[in-house]
Amino acid sequence: MTDADYKKELEQKIKILETKIKHLTNDLVLTRQDYEDSMAKYFDIYSNMEKKVHERTEKLKELQNVLKIKNMQLEIMVDSSPGMIFYKDGQERYVRVNKKFAEMFGVSMSDIIGKTHAELFPGLPENIIGNDQEVLKNKAPDLNRGAFVDTVKGRRHMLINKVPYRDIDGNIIGIIGFAIDMTDLYKVEQEKRDLEEKLVRAEKMEAIGLLAGGVAHDLNNILTGIVSYPDLLLLEIPEDSPLRRPIVTIQESGLKAAAIVQDLLTLARRGVIKSEIANLNELINDYLKSLEYEKLKIYHPNVNVKTDLDKKLLNIRCSPIHIVKTIMNLVINAAEAMPEGGTVILSTKNCNIDKAFKGYENINTGDYVILQVHDTGIGISEDDLNHIFEPFYTNKVMGKSGTGLGMAVVWGVVKDHKGFIDIKSKPDEGTIITLYFPVTRKNITREISGFSINDYMGNGEFILVVDDIPEQRDIASLLLKKLNYRVKSVSNGEDAVQFVKNNPVDLIILDMIMEPGIDGLDAFKEMLKYNPSQKAVITSGYSETDRVKAAQKLGAGAYLKKPYLIEDFAKTIKHELQK
Amino acid sequence: MNFIDGRDMEQNQDKKEKLDNLVKLVNDSEISSIKGIVSNIIKTINDPSSTAKDLKEIIQIDPPLTAKILKLANSAYYTTRSKISEIEHAVIWVGYDAVKELALNQKVCEIFNKDESIEGYSRYLLWKNSIGVALLGKMIYRREFGEKGEDIYAAGLLHNIGIIAEDQFLQSEFKNTLKAAKSRKKNLNSAENETLGFEHPEVGLAIANDWKFPEELVTCIGYHHNPVAVEEAYLKRKVYTLYIADYLCQENHIGYCDAPQPDEELFVNCRKALKLERYALQLIVDDMKKEIKQMELQGVF
């Protein structure tokens, strides 16, 4: 290849490259132009769209406003309803609930939405509010169903209505439910019925009282002749006279009649009893030394009476005569329930009721001395249980022993002492009758006298008493002041936490079971956040529970059982403070 | 314009009648359905103030066309990011000019359907040739002249509309023409003159005139085998470019070839008149072939 050829070839290559550059440059310029045109057109289109979007947005806003107002009105209606209202979808998930619903279940609305009832309350038993299968399956309303539902206020009796929720095409897409809490209404109705019953009973008793009051005095005078003249007659006639037997019978009948009059008088004199401070243990011992008890042992030689008496038993304010009579009646009944013989156990102990409960009757909170009479006899049928306190109601052979007024006297006496009665009985297994007498704190000095209080006096330490029951706070405060402590008391866990947060406290006397609000354990946990070394004494009417133990694990000290006995109380607090 | 001077008047009269009849047949047929839209798109090409909205309005009155354009705009060829469902969006994404091209392609393509293959001719091959010429014409305009060349694109697509008219309305004569051209190794033009008495550029000219296409387009269609007959200076470049594009497509076997006996002298004259170097054109042809290949692969036609 010559130089000329080579040069030519190179020139050719350069030309091609130059052409390529030209082509690319031209293309680039045009492409840029295209791009700019497209951009211009894009903005043109875009601004048009903007305008359209703006117009539509305005219209939508107007509609939204109208909807918002309508919705608000509806919300207000739904949320101000005193009943619970809930909407659920086809999978039984909550779509909307009203305020009352959220309140009753103690869950925030946002936590409820999207969940089923079972998901919300996994531990609780299923109820009608949670299960919609019937409505969804039958595609028909389920109306006026009564059911018990667990809520933050406890188990409530509700009236529930549920209707299927349909879309505009009529397909069922969920349910709408309404539930009304009937508990209070039913309770009021029940109370009314109870009161009516009580009234009838009281009227009956009053009538008997009036009658007895009216006739007893005269009858007693008349009976004096029948009871005392046979004695004179028996002195006059010979030992072997055939008249002796009938005369003794006359005398015994007279005595029996006199006993009935006595019981009638006891009932009639209710309300005018003279009360004094006494100890139930002493009264039991009085009875066991009495003639009546000796007689009982003669009638029932196979019956053994045992006692189990609490040595630290607190005092009660009572009419001793009536209490002894009550003990006697109960022991007689117990003995008669065991014709084959057996053991009657009389026991006493201190007791604190922290939460009202329903036994034979409703038993209120408070400190009590309890008397228990336990037999292993024939028991009382459920039917009889409802009537045993009515005068002259008996399943025993009438006239055999009692007057027909024994249990009526028991009832009257307990009621006069503002006490309560509980009975547990099983036919052929026996009966336990428990009497609750309120503790009196009137004579604390007598309580203290047993030990040397000076060893346990405080030094003005500051003690916080937390208890939901006012009487308990009062007693604790009273005892603490006597023991030379400074005291502050609050009625719930939340207030206690708040107080501890702002004030240093040497010791907290903390009730375990409090309602409503947080309990002792939760309150203690909160307090520890502010003062990890906070001293506390846990108290409860029940025996030590898991929660008490949990609190003790967290650092709470001794466990103080209610009702408070001043000796234990003083020792425990002193000991705790010295730790 | 004086195309048929120097010929026998009687013969001219006869030919004019024949052409008029053919145009009438075309106007009564489905082919005329493309008239409105194609003219409108060409109008936007010639009107710099036209907007995307105008283009949208032209396209949206033809639902099948709208559907086809959206389908193409969504094809892998344009690699859209999100689904394009409106012509306006297609304009933004694919580009204003590209949408015009697509619309034109689709519309003109309609008249090339119902394919059958005779003597090396088929409507598909003719269509491929049209696309090739249109594309090459446009590329020459862009790269060599630095102009958009949208009208040359339209001219390339439509330059053989005369053949379509003959194919559809003078079927037996057209078959004979194809046979004659094949057996005697002639260009289609001379065979047409013998069997029909006129050439397809004349048919195209008559149709384009009747459809009131713009003057440049009419001239391009009518003179694509005889560009030097065009006297108006401002039209020369377009007609020459179209000829060059057509010549190069035939040379490179892009689609149907109506002139197996190329007139190299005419080609060189046109080329020189436009100052286009052979190697420069070859560079463009190479790129055009790549483009056609890609379009085939993507199923654009």
Relative to the longest principal Cα axis of chain A, at what angle does helix A:520-530 sit, 0 to 90 degrees, rounded to 10? 50
Checked region A:282-322 with the C-alpha gyration tensor, a ≥ b ≥ c its square-rooted eigenvalues, rounded below a/c of 1.5, otherwise prolate if a/b is larger than b/c and oblate if not; verdict oblate
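Explain nothing, just the number: relative contact order of region A:77-164, from Cα pairs under 8 Å at least 6 residues apart, as a whole percent.
This gives 21 percent for region A:77-164.
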Degrees, to the nearest 10: A:183-236 long Cα axis against longest axis of chain A: 10
Taking the Cα atoms of chain B alone, what are Rg (to one decimal) and Dmax (as a whole number) in Å? 18.8, 63
Restricting to Cα pairs under 8 Å and 6 or more apart, the percent relative contact order of chain A works out to 7
Helix-derived mean residue ellipticity, 222 nm - over chain B, DSSP H n ≥ 4, -39500 (n - 2.57), to 500: -21000 deg cm²/dmol
Loop-resident sites, region A:92-154, for trypsin sites (Lys or Arg not before Pro), counting at most 12 other Cβ within 10 Å (DSSP): A:Lys139
What three numbers, in Å, describe the spread of the alpha carbons of the protein assembly as shown along their principal axes, ordered from the longest? 189, 64, 49
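Quick one: if the Förster radius is 25 Å, what FRET efficiency do A:Lys256 and A:Leu233 give, using the C-beta to C-beta distance and rounding to 0.05? Walk me through the intermediate numbers first.
Values: r = 18 Å, r/R0 = 0.74.
Efficiency computed from Cβ-Cβ geometry: 0.85.
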Contour minus end-to-end for A:Lys289 and A:Thr545, with contour as 0.36 nm per residue of separation and end-to-end as the Cα-Cα distance? 88.1 nm
So if R0 is 45 Å, what FRET efficiency would A:Asp308 and A:Asn503 give, r being the distance between their Cβ atoms, rounded to the nearest 0.05? 0.50
Any idea what angle helix A:493-502 forms with the longest principal axis of chain A, computed on alpha-carbon atoms, 0 to 90 degrees, nearest 10? 70
What is the local net charge at B:Glu166, summed over the other residues whose Cβ is closer than 9 Å to its Cβ (Lys, Arg +1; Asp, Glu -1)? -3
To the nearest 20 debye, chain B has a Cα-centred charge dipole, built from +1 on Lys and Arg Cβ and -1 on Asp and Glu Cβ, of 980
Quick one: grab the alpha carbon gyration tensor of region B:172-301, order the square roots of its eigenvalues as a ≥ b ≥ c, and give me rounded if a/c is under 1.5, else prolate or oblate depending on whether a/b is larger than b/c. rounded
State, to one decimal in nm, how far the label point of A:Thr31 lies from the label point of B:Lys290, with both points 7 Å from Cα in the Cβ direction. 1.1
Considering every pair of different Cα atoms, what Kirkwood radius, in Å, is found for region B:94-205? 15.0
Most exposed first by the Cβ proxy, i.e. fewest other Cβ within 10 Å, how do A:Ile168, A:Ile237, B:Ile244 rank? A:Ile168, A:Ile237, B:Ile244
Note on chain B: contact order normalised by length, alpha-carbon pairs under 8 Å, 6 or more apart, percent, works out to 18
Taking the simple approach of a point 7 Å from Cα along Cα-to-Cβ for both A:Glu75 and B:Ser32, what is their distance in nm? 6.7
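Counting only DSSP beta bridges with both residues in the protein assembly as shown, what percent are antiparallel, rounded to the nearest 5?
Details: 58 of 80 bridges.
Among the beta bridges of the protein assembly as shown, antiparallel pairing accounts for roughly 70 percent.
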Cβ-based net charge around B:Gln60, under 10 Å, with every Lys or Arg adding one and every Asp or Glu removing one: -3
Are there GluC sites (Glu not before Pro) in region A:76-146 that DSSP puts in a loop and that have at most 11 other Cβ atoms within 10 Å, and which ones? A:Glu126
Say R0 is 35 Å: what FRET efficiency, to the nearest 0.05, do A:Lys424 and A:Asp194 get from their beta-carbon distance? 0.95
Could you tell me which of the pairs B:Lys100/B:Lys186; A:Lys52/B:Lys83; A:Lys153/A:Lys418 are separated by over 30 angstrom between their Cα atoms in the structure shown? B:Lys100/B:Lys186
Inter-chain Cβ neighbour average for residues A:471-480, partner chain, 10 Å: 0
Using the Cβ atoms and a cut-off under 10 Å, what net charge is assigned to the surroundings of A:Glu92, where Lys and Arg are +1 and Asp and Glu are -1? 0
For region A:1-79, what is the Kirkwood hydrodynamic radius in Å, using each pair of distinct C-alpha atoms? 19.0
Using alpha-carbon positions, the gyration tensor of region A:452-578 gives root eigenvalues a ≥ b ≥ c; with a/c under 1.5 called rounded, otherwise prolate if a/b exceeds b/c, else oblate, the class is rounded
If you take every DSSP beta bridge whose two residues both sit in region A:452-578, what share of them, in percent to the nearest 5, is antiparallel? 0
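Just so you know, all these numbers are worked out from the coordinates, no wet-lab data involved. Since this is a predicted model, take the numbers as computed values, not measurements. Glycine also receives a Cβ, built like all others from the backbone with ideal geometry; neighbour counts cover every protein chain displayed.
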